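Inspection log for the structure reproduced underneath, given as structure tokens.
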Amino acid sequence: MFLLCAVCAALVCCTPKALPEPKPMGYFRIDLPEHQYRLIDTIERSPEYPNVEVLLLPFKYEQSVFANTTIEHQRDHSIWMNIIYPDLGASFRFTCFDVDNADSLRNLIVTEDRMVKFHYQKADDVQYSVVNDPEAHLWGQAYEIYGKEVATPFQFWLTDSAHYFVRATLYFDDTPNNDSLQPVIQYLKEDAMHLINTFAWKY
């Protein structure tokens, strides 16, 4: 009996243990709200002069109800605007420039193209779509920049070709891992495309 127990114990000790299997890589689930939008039509009235309207932006559009907007007018007559998503740690940063002539418009478009190409070194792919709406005097391009470490996964520019040029870039507050943030990026791209589709000049 003792011998039998000793043999069993030896077999148990000599039986190879199953090696732990690594779990597949995953990311935290991010619950995103349903898209909802509101019109941003920035005309401000002074309490001292209620009948005088001050135009804060030369355009109007629809943006997410979950985002806040800040607007700053610069001394060079450009306008800085941020559409901020506090719960997502992200923002679209806008700049609106005056277009003086065909050369200034060309320079703005070339500069924008160079800024997109700057991301090529870390991008896996860059896809763009064209905005072309002559009736609304609206032309532009939107760029989707794919890659785990690209600084901005989406940007676009719009112009009426005569007066204004607007550029916008999506940024995250922290250094992004675009694989883990892909649902958020896609969500914000949809908001950006809705903004473009509802964009209109105010003249």
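Values in this text are rule-based calculations from the coordinates and carry no lab data. Quick caveat: nothing in here was measured; it's all calculated off a predicted structure. Glycine gets a Cβ as well: all are built from the backbone with ideal geometry, and neighbour counts include every protein chain shown.
List of remarks:
- Segment 56-201: relative contact order in percent, alpha carbon pairs under 8 Å with at least 6 residues between: 26
- Amide H within-cut-off set for F59, under 5 Å, with H built and near neighbours excluded: K202
- Here E135 and N82 are evaluated by their C-beta separation; at R0 = 35 Å the FRET efficiency comes out at 0.75.
- Cα-Cα over 23 Å, subset of K148/K189; K60/K122; K117/K148: K60/K122
- Calculated from backbone phi, Karplus (6.51, -1.76, 1.60) coupling profile of segment 153-162 in Hz, x at Gly/Pro: x, 7, 7, 7, 9, 9, 8, 9, 6, 10
- Cβ-based net charge around T95, under 12 Å, with every Lys or Arg adding one and every Asp or Glu removing one: -2
- Rough spin-label spacing in nm, given labels placed 7 Å along Cα→Cβ, for R106 and D41: 3.8
- Amide H to amide H distances under 5 Å link G147 with D124, where only residues 5 or more positions off or on other chains count and H is placed in the peptide plane.
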